[in-house]
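The values are calculated or read from the model by the stated rules, or taken from the named source; none is laboratory data. Predicted model, so just to flag it, every value in this text is computed and none were measured. As a convention, Cβ positions derive from the backbone with ideal geometry for all residues, glycine included, and neighbour counts pool all protein chains shown.
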Amino acid sequence: MIIARLAVAMLLSGLALAGQTRRALLIGNGAYKNVPAAAQAATNARAFARALTASQFQVSLLIDVEADVLGREINKFLQSLQPGDAAAFYFSGYAVQDMGENYLLPVGYAPASADGIEFQSYSLKRLVRYLETKKLSAGMVILEPAPGNAALEKKFPEAGLATMDIRAANLVLAMANLPGRAVPPAPGHDVARFTEAWVSVAGEPALSLDAALRKIKQQVSIATDGDQVPAEISTLVNEFAFQPRSPAAVEWDRISASKDMAVFEGFRQRWPGDPLAIEAGKRIEALEWTRTKIDADPKAVRQFLARFPQHQEALEWLKTNTASEKANANGAILAAIERYAKAYESRDADALQAARPGLTPTERKRLEEAFRNFRSIKYSLTPAGDPAIETNGASVKCRLKVEMRSNDGASPRPVDQPVTVKLRRQGDIWTIDSIQ
């Protein structure tokens, strides 16, 4: 017989319910002397002991115990429980039903003995009835019977365990298979499927015991194609989770509906290592994007993307609106060039000044004199490509053509040459800056 005790002091943290002590007794009986060994029993118990220790239970683990130790340690565990405690009792090994009653077998059980089953084992009914008197916040009895063998099946022909009633609130009796059905072997598994499922759910943060029981049934049933379907009898009223909600999660419940970015930023600063800090960052990003896109300002969107470079909606917005902005700017630039050309050709000095505000008084006077001396002017600026747009300006390569006829009939040599038209932008208004 190997007896190992794992004791963990209850931490005064958000993981434990205020005023609640968590106690667990786990038994793994595998080295039977008079029947074949229950191969996985010790491994099962050790695996679940680790999971309960991580869940803040004060754990006692017993491996391969005889009848006297089995009875003494179970009674000792039951007597240690106080009202309001959370308790877990786990047994892996041979368990049988006889005359509608369930019994847990010590490693020395002898089928050929003249003593009755009630004198060689521990009554599950006795254990449950004692738990009913303790007024626990949550009590669990978890049974992982070993797969049957010929010696026990001959002695106890009724397969599996019998169903039973529970007469107090907040107790759960969980069995590895449906009543009356033996647990099938699990070759290739170090840990039995039912225990494996319990270990898994015990590590999930904030998973309620009710939800855990459903997940266990689903996991085991799927893994065995329905050959093994865990069952439980539950009178659970209170909420219980192996890993209760953290303080960060509790605060998140309070603030999650907020529309204030400062609230989420404060959360990230208080709980930088919590996974919910990532969610807080996503909320900040979403709220800031909502505010940014209201103004529909490409500059603001670029500033937003400097902080959140992977935001797909903002990237798409900027791509679409940049193309639209460029198209609008191109149209305005070409219109400004056309206005200038028409003003020149019509010899309208005021319109020309409006199209090219940078004309100095001297330049305007010279143009006005030229306009008076010419009977006709043909003037065109034809863009030779798309404008090159800068922050507050643009340049366009154009073809300049000028034909003039003076009042005395003389005609200067026509102009036909490439030029670069430079423009200036003020708001949405584009004007000619120079022609070179």
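Which of the strands (runs of 3 or more DSSP E) contained wholly in the range 388-436 include at least 3 residues that are polar (S, T, N, Q)?
Filter on the range 388-436 gives 415-426.
Looking for something closer than 30 Å to residue 144 by Cα, at pLDDT 90 or above and over 16 Å from the mean Cα position of the chain (by Cα) - is there at least one such residue anywhere in the range 251-273?
No, there is no match, as no residue in the range 251-273 is closer than 30 Å to residue 144 by Cα, at pLDDT 90 or above and over 16 Å from the mean Cα position of the chain (by Cα).
Could you tell me which residue of the range 106-155 is nearest to residue 185 (Cα to Cα), considering only residues that are among the aromatic types (Phe, Trp, Tyr) and free of Cβ contacts under 8 Å to residues at least 60 places away in the same chain?
122
As an exercise: evaluate residue 324 against (1) at pLDDT 85 or above; (2) surrounded by fewer than 17 Cβ atoms within 10 Å (Cβ to Cβ); (3) of a type outside the set (Lys, Arg) and give the number of the one condition it does not meet.
All conditions pass for residue 324, except number (1).
Taking residue 172 and the conditions (1) in contact with an Asp or Glu (Cβ under 6 Å, 6 or more places away or on another chain); (2) more than 21 Å from residue 218 (Cβ to Cβ), which numbered condition does it fall short on, given that it satisfies the others?
Among (1) in contact with an Asp or Glu (Cβ under 6 Å, 6 or more places away or on another chain); (2) more than 21 Å from residue 218 (Cβ to Cβ), residue 172 violates only (2).
In this structure, does residue 401 turn out to be modelled with pLDDT of 85 or more and more than 15 Å from residue 330 (Cα to Cα)?
yes
Taking the residues in the range 115-168 that are in a helix (DSSP H, G or I) and charged (D, E, K, R) as candidates, determine which candidate is nearest to the chain's Cα centre (by Cα).
132
Considering only the range 405-424, state which residues are surrounded by 13 or more Cβ atoms within 10 Å (Cβ to Cβ), touching a helix residue (DSSP H, G or I) at 6+ places or on another chain (Cβ under 8 Å) and farther than 13 Å from residue 340 by Cα.
406
Condition check ((1) touching a Phe, Trp or Tyr at 6+ places or on another chain (Cβ under 8 Å); (2) closer than 19 Å to residue 427 by Cα) across all residues:
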residue: 329; (1), (2): yes, yes
residue: 341; (1), (2): yes, no
residue: 351; (1), (2): no, no
residue: 357; (1), (2): no, yes
residue: 369; (1), (2): no, no
residue: 380; (1), (2): no, no
residue: 384; (1), (2): no, no
residue: 391; (1), (2): no, yes
residue: 395; (1), (2): no, yes
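Of the residues that sit in the range 175-196 and are among the small types (Gly, Ala, Ser) and surrounded by fewer than 23 Cβ atoms within 10 Å (Cβ to Cβ), which one is modelled with the lowest pLDDT?
Ranking the qualifying residues of the range 175-196, first place goes to 188.
Considering each of 359, 352, 305 in turn, give the residue that is without any contact (Cβ under 8 Å) to a residue 24 or more places away in the chain, surrounded by 13 or more Cβ atoms within 10 Å (Cβ to Cβ) and in a loop (DSSP other than H, G, I, E, B).
359
Do we have residue 407 as in contact (Cβ under 8 Å) with a residue 24 or more places away in the chain, more than 30 Å from residue 331 (Cβ to Cβ) and not aromatic (Phe, Trp, Tyr) here?
yes
Please enumerate the residues belonging to the range 391-409 that are more than 17 Å from residue 433 (Cα to Cα) and of a type in the set (S, T, N, Q).
Residues satisfying the conditions are 406, 407.
Got a sec? Which of 70, 52, 124, 105 is closer than 19 Å to residue 151 by Cα, crowded, with 22+ Cβ neighbours inside 10 Å and at pLDDT 95 or above?
One residue alone meets the criteria, 105.
Looking only at the range 57-89, filter to residues that are in contact with a Ser or Thr (Cβ under 8 Å, 6 or more places away or on another chain) and either outside any helix (DSSP H, G or I) or not assigned by TED's automatic domain parsing to the domain that holds residue 198 (or both); which one of those is nearest to residue 134 (Cα to Cα)?
82
Starting from the range 211-228, keep only residues that are surrounded by 13 or more Cβ atoms within 10 Å (Cβ to Cβ), then list their pairs with residues that are among the charged types (D, E, K, R) whose Cβ atoms are within a distance under 7 Å, requiring at least 6 positions of separation or different chains.
If the second residue must be among the charged types (D, E, K, R), the pairs left are 213/232; 220/193; 223/193; 224/193; 228/193.
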